[in-house]
1. Just want to confirm a number: the relative contact order over the chain, from Cα pairs under 8 angstrom separated by 6+ residues, in percent.
2. Please report, as a whole percent, how much of the solvent-accessible surface of the chain comes from carbon and sulfur atoms (probe radius 1.4 Å).
3. How much accessible area per residue does the chain have, counting only protein heavy atoms and a probe of 1.4 Å, in square angstrom?
4. Leaving out same-chain residues fewer than 8 places away, which lysines sit with a Cα under 19 Å from that of LYS72?
5. With everything on Cα atoms, drop me the angle between helix 29-42 and the longest principal axis of the chain, reported from 0 to 90° to the nearest 10.
6. Determine, at each q value in 0.16 (inverse angstroms), the log₁₀ of I(q)/I(0) that the Debye formula gives when each Cα of the chain is one equal point scatterer.
7. Need one number for the range 20-63: average projected area of the convex hull over its C-alpha atoms, nm².
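The values are calculated or read from the model by the stated rules, or taken from the named source; none is laboratory data. None of the values given here were measured: they were computed from a predicted structure. Note: areas computed on protein heavy atoms with side chains; ligands, DNA, RNA excluded. Shrake-Rupley method; radii C 1.70, N 1.55, O 1.52, S 1.80 Å.
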Amino acid sequence: MKPINPADPRSAERVRAQEALGYVAEVDPYFDDVAVGLLKRFGGAFAGVNHMDEDRNQFFVGLAVIDEETGKIVVPPADDPNRTMLPDHGFCNYGLVERDLPLPLNDLLSSPRFAGNPVIDKLGARAYLGDWLTVPEGLTTSTGYTVPKAVKIGSVWVVDTKVQSWTPVDRADIKAVQARTMNYIIERDRQRA
């Protein structure tokens, strides 16, 4: 597995914004519902909302999977070990620094960058579509902290075990899910005030 590049010079800013918004590494039923909605809209095998800490470890504050036996959507319990992921697993971290648009990866096996990625090797992932939860510049949180520059605090994503051909409509739809999810985070923080 190749190291995650480039380095994330804004990790401390991300953590500061997460803390100020109350966006912590804890399961929230709203985020689980977002994950369920992602699977219903895009298909796939796994979907979620993630929280990335300063070291890019991921915790899935929202997660939904397709049960292999029943084919039904299942929300794992809050203490399920599959709600965590190391920084070199998965795909969300790759766009954290490099990209401001949704990240459509139609065929993960076609990219040498992802060779040896455990999500491909162990879970059979073949396609990914995600977008970044971005706190807007100038937002003032309930704690009085004003975000000096837009910063990514996590992502919404779907993974499929089949190659996909993500369309412009798919990218627009995941962007809309990202916007609704980010709005929820901001509104939830305002209610804490």
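1. 25
2. Ligands and nucleic acids excluded, carbon and sulfur give 53 percent.
3. Ligands and nucleic acids excluded, the result is 48 Å² per residue.
4. LYS40, LYS162
5. For helix 29-42, the angle is close to 40 degrees.
6. Once normalised to I(0) and log-transformed, intensities are -0.99.
7. Details: hull surface 13.5 nm².
Result: 3.4 nm².
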